[in-house]
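Take a look at the structure set out below.
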Amino acid sequence: MSASSTFCCAVRLAAKTESGAVREYDIRPAVPDDAGALYRFGEALLCESSFFLRSPGERARSVDEMRTVIKQIHAMPAHILLCAWQEGAPVGEAVAIGGDFKRDRYTATIGVGVLAAHSGHGIGRALMRGIELFARNKKLRRLELTVMAHNTRAHAFYRQMGYLQEGVKRDSLFVDGVFVDEIMMAKLLD
Ligand SMILES: CC(C)(COP(=O)(O)OP(=O)(O)OC[C@H]1O[C@@H](n2cnc3c(N)ncnc32)[C@H](O)[C@@H]1OP(=O)(O)O)[C@@H](O)C(=O)NCCC(=O)NCCS
């Protein structure tokens with residue numbers, strides 16, 4: 001049985017916008033039938049932000065490839081792709097990829113992204129909490145990530161989620177014509 005199917009974490013999040021309107025978001029693990037929507041979401045996210053490792057087209061080259069990625073994540077015990085939906089469309093996601101080997105099997109690498117139009121409403125926080133719940137359920141010890149040094153917002157966000165800075169990968173990425181540092185961060189789970 002897959003990791004995602006044994007992990008029950010469908011939640012509904014209600015967020016108030018500046019105008020006072022209430023937006024509802026559903027958060028649940030991705031399933032293969034989400035491939036089309038998640039392919040389009042991924043392209044939109046990568047087009048609007050250069051803070052990710054991948055550029056547009058590098059996450060999945062087609063809906064079929066996206067479906068394969070979701071199935072691969074499902075098949076692995078310590079992997080999960082958690083998505084936030086609003087009115088049937090994905091607006092944010094977080095992924096955890098657990099270590100494949102005996103010696104790193106208690107560590108997972110994570111990533112998170114929320115569409116700009118929906119950021120600041122608590123979706124990122126809710127996704128990170130979901131990933132942490134999954135990780136604790138799987139008895140993982142460590143969640144780790146990297147964030148571009150100039151991405152001050154995400155850096156502050158991860159600090160608020162309890163991640164500590166462990167080091168800097170100097171000039172590890174080439175973004176928009178310049179080399180940028182990545183900050184390594186991690187959180188240990190009790
Ligand atoms: C970084 C990101 C994931 C945060 O998600 P989000 O849904 O906007 O964040 P939330 O609304 O859940 O905010 C949670 C906390 O993050 C911090 N935060 C959010 N926006 C912030 C800002 N503009 N400045 C500083 N801290 C901020 C706050 O601590 C906030 O807690 P608070 O609401 O109690 O103040 C999201 O904005 C994003 O995807 N950005 C673009 C892509 C990106 O940088 N991804 C990370 C790549 S490593």
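Each reported figure results from applying straightforward, stated rules to the coordinates on display, with no laboratory input. As the structure is a prediction and not an experimental result, all values here were calculated from the model. All Cβ positions, glycine included, derive from the backbone under ideal geometry; neighbour counts span all protein chains shown.
Testing the spin-label approximation: label points 7 Å from Cα along Cα→Cβ at Arg40 and His150. State their distance in nm.
So the two model labels end up 3.2 nm from each other.
Please report, in Å, the Rg and the Dmax of the stretch 3-141, where both are computed over Cα atoms only.
That works out to 14.8, 51 Å for Rg and Dmax.
Any idea what Rg and Dmax come out to for the stretch 51-96 if you just take the C-alpha atoms, in Å?
Cα only, the stretch 51-96: 11.6, 29 Å (Rg, Dmax).
Return a single number: how many Lys pairs in the chain, at a sequence separation of 8 or more or on separate chains, have alpha-carbon atoms below 17 angstrom apart.
Numbers: Lys102/Lys138; Lys102/Lys139; Lys138/Lys187; Lys139/Lys187.
Taking the Cα cut-off of 17 Å, the pair count is 4.
Evaluate the Kirkwood expression for the hydrodynamic radius of the stretch 140-190, namely the inverse of the mean inverse distance over all pairs of different C-alpha atoms, and round to one decimal in Å. Working shown, then result.
Working: mean 1/r = 0.0878 Å⁻¹.
Its Kirkwood hydrodynamic radius stands at 11.4 Å.
With a 10 Å cut-off between alpha carbons and a GNM built on the chain, which of Thr68, Thr109, Thr17 moves the most?
Highest fluctuation among the options: Thr17.
Starting from the Cα-Cα distance between Phe51 and Ala10, subtract it from 0.36 nm times their residue separation and give me the gain in nm to one decimal.
Between Phe51 and Ala10, full extension yields 12.0 nm more.
Have a look at Met161, Met66, Met148 and tell me which one the Gaussian network model of the chain (Cα, springs below 10 Å) gives the largest fluctuation.
Met161
Once R0 is set to 30 Å, what does the formula 1/(1 + (r/R0)^6) return for the Cβ-Cβ distance between Glu58 and Ser119, expressed as a FRET efficiency to the nearest 0.05? Let's see the in-between values first.
Values: r = 22 Å, r/R0 = 0.73.
So, using R0 = 30 Å, E works out to roughly 0.85.
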